[in-house]
1. Residue by residue through the range 307-333, note down the ones that are without any contact (Cβ under 8 Å) to a residue 40 or more places away in the chain and not in a helix (DSSP H, G or I).
2. At least 1 residues that are within 16 Å of ligand 1 (Cβ to nearest atom) in each: list the helices (runs of 4 or more DSSP H) lying fully within the range 73-154 that qualify.
3. Any chance you could count how many residues in the range 194-229 are among the β-branched types (Val, Ile, Thr), in a helix (DSSP H, G or I) and more than 17 Å from Arg436 (Cα to Cα)?
4. Could you please give the count of residues in the range 180-201 that are surrounded by 19 or more Cβ atoms within 10 Å (Cβ to Cβ) and either basic (Lys, Arg) or under 20 Å from the mean Cα position of the chain (by Cα) (or both)?
5. Restricting to the range 38-60, what's the tally of residues that are surrounded by 19 or more Cβ atoms within 10 Å (Cβ to Cβ) and near ligand 2 (Cβ under 7 Å from one of its atoms)?
6. Read through the list (1) in contact with a strand residue (DSSP E or B) (Cβ under 8 Å, 6 or more places away or on another chain); (2) over 30 Å from Ser161 (Cα atoms), then give the number of the only condition that Arg394 fails.
7. Among the residues of the range 283-302, which ones are within 19 Å of Thr206 (Cα to Cα) and surrounded by 20 or more Cβ atoms within 10 Å (Cβ to Cβ)?
8. Just the residues that are touching a residue at least 40 places away in the same chain (Cβ under 8 Å), in a loop (DSSP other than H, G, I, E, B) and within 16 Å of ligand 1 (Cβ to nearest atom), please, taken from the range 353-380.
Amino acid sequence: MREGSLEAPTRHPLDWRNPEFYEQAKVEQELGRVFDICHGCRRCVNLCTAFPTLFDLVDASSTMEVDGVAKQDYWKVVDQCYLCDMCYMTKCPYVPPHPWNVDFPHLMLRAKAIKFRKGIKFRDRLLSSTDALGKLAAIPVVAQTVNALNKNGLARTVLQSALGVHKDRELPPYTSNKFRSNFEPSPSFPVKDGKNAPGKVAIFSTCYVNYNEPGMGHDLLALLDHNEIPYVVVEKEACCGMPKFELGDLEAVDRLKQINIPVLARVAKEGYAILTPVPSCTLMFKQELPLMYPDDAQTLAVRDAMFDPFEYFVLRRKDGLLKTDFKTPLGKVSYHIPCHSRVQNMGQKTREMLEAIPGTAVSTVERCAGHDGTWGVKAEYFANSMKIGRPVFRQMAEPQPDYVASDCPIAARHIRQGMGDEAQAAEKAHPLSLLRKAYGI
Ligand code: SF4
Ligand code: SF4
């Protein structure tokens, strides 16, 4: 048998409808098999806290092998995984088609699905209901009250003991000026399809843009407008399902899929490029839903029409259909590429686009920042999340940047928090906002 695979990694569909998927004995057997391979390899030791947890368990066991670790302790490893996919994508030589068939994140997902069926905390159910939470928190007056309480030390202490949301985690504000109720309709431009990307765009705005940072969505529309690309905002949307997926709640993912996919498949069929401004949501449509529904034509059509916004802009530039009339240099930008952008296998499109702006020096940090969706918000994981992020905070601060940017707005908030006083002058800005600023629009 060859040591490590030379072929491009492939991924097996998720067999989530098969009752065997949820059989604890079978999953523990597979966990034991894969943990044994990982113990002999240990390449991923510095990626997250899941691997150090595993290796510590092995090293402390009587046999110093996986067979000496109690099966109930396997679940401690599962708890530390937040499904960033980095071990699969960047380290593991044993992923399929290698016969050892190691897909560590999807094995963790299977274990999480079992945990979910056994019952989870109210806090986890609440935090992963981004759409319902957003709808409630974005009601006028409620939004102001929630935002004020989120900044109040006493209220946060109560929130930590009642719900397990760490009191020191800086939380994003909610807005009552939701993106989907306040966007400017597209002027009517002729559709100019390029060789590499369609000439009209449908926006899946995401819960985060709709309820927390609508400015990012308006910036995206301004960029399309400036480049004379006609757009629509999809008529109806629910959460993409990623927060429920990360929790192992695959039935909820299915319910959300039933809402989103028919609407998105319709615009895909009409020839729109679908743009989703949050990398985790883009990844959900590009990778995870197609693996859950490998034979569903609509899901695959959505996958094929789905673009990261910067992937789309770079393709338009390649087609000679993107304006380059930049007016404002950006100076020094510390840019973090999030795991869920890297996993999309598209290259560093945001960096490429920002580097095309004259008077802009981009320093790129390609490492997990450790927040990952709702994981780094939880009281029991907050410290680990800040620990994992420490090298990123340091590297982002090093160039003494004018701007701190990440495609993932949640990671950006976490990074800015971790940089602390080291980078007083650095302004947090989403790459879409920076591109808009560079155009002077
Ligand atoms: S998916 Fe990410 S968090 Fe999970 S084990 Fe792999 S590297 Fe760690
Ligand atoms: S996931 Fe792969 S690369 Fe990482 S420790 Fe396990 S076997 Fe090694």
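The values are calculated or read from the model by the stated rules, or taken from the named source; none is laboratory data. Just so you know, these numbers come straight off a predicted model, no measurement behind them. Cβ: placed from backbone, ideal geometry, glycine included. Neighbour counts: every protein chain shown.
1. Step one: filter the range 307-333 for residues without any contact (Cβ under 8 Å) to a residue 40 or more places away in the chain, giving 311, 314, 317, 324.
Residue satisfying the conditions is Thr324 alone.
2. Values: elements: 104-118, 122-127, 130-137, 142-150.
Ranges flagged: 104-118.
3. Going through the range 194-229, the residues among the β-branched types (Val, Ile, Thr) turn out to be 201, 203, 206, 209, 229.
Cutting the leftovers down to in a helix (DSSP H, G or I) gives us 209.
Narrowing the set further to residues that are more than 17 Å from Arg436 (Cα to Cα) leaves none.
So the answer is 0.
4. Here the count works out to 1.
5. Selection size over the range 38-60: 3.
6. Of the numbered conditions (1) in contact with a strand residue (DSSP E or B) (Cβ under 8 Å, 6 or more places away or on another chain); (2) over 30 Å from Ser161 (Cα atoms), the odd one out for Arg394 is (1).
7. Within the range 283-302, Leu283, Met284, Phe285, Lys286, Glu288, Leu289, Pro290, Thr299, Val302 meet the criteria.
8. First, pick out the residues of the range 353-380 that are touching a residue at least 40 places away in the same chain (Cβ under 8 Å): 353-354, 357, 360, 368-380.
Still in the list and also in a loop (DSSP other than H, G, I, E, B): 357, 368-374, 379-380.
Of everything in the range 353-380, those that are touching a residue at least 40 places away in the same chain (Cβ under 8 Å), in a loop (DSSP other than H, G, I, E, B) and within 16 Å of ligand 1 (Cβ to nearest atom) turn out to be Cys368, Ala369, Gly370, His371, Asp372, Gly373, Thr374, Glu380.
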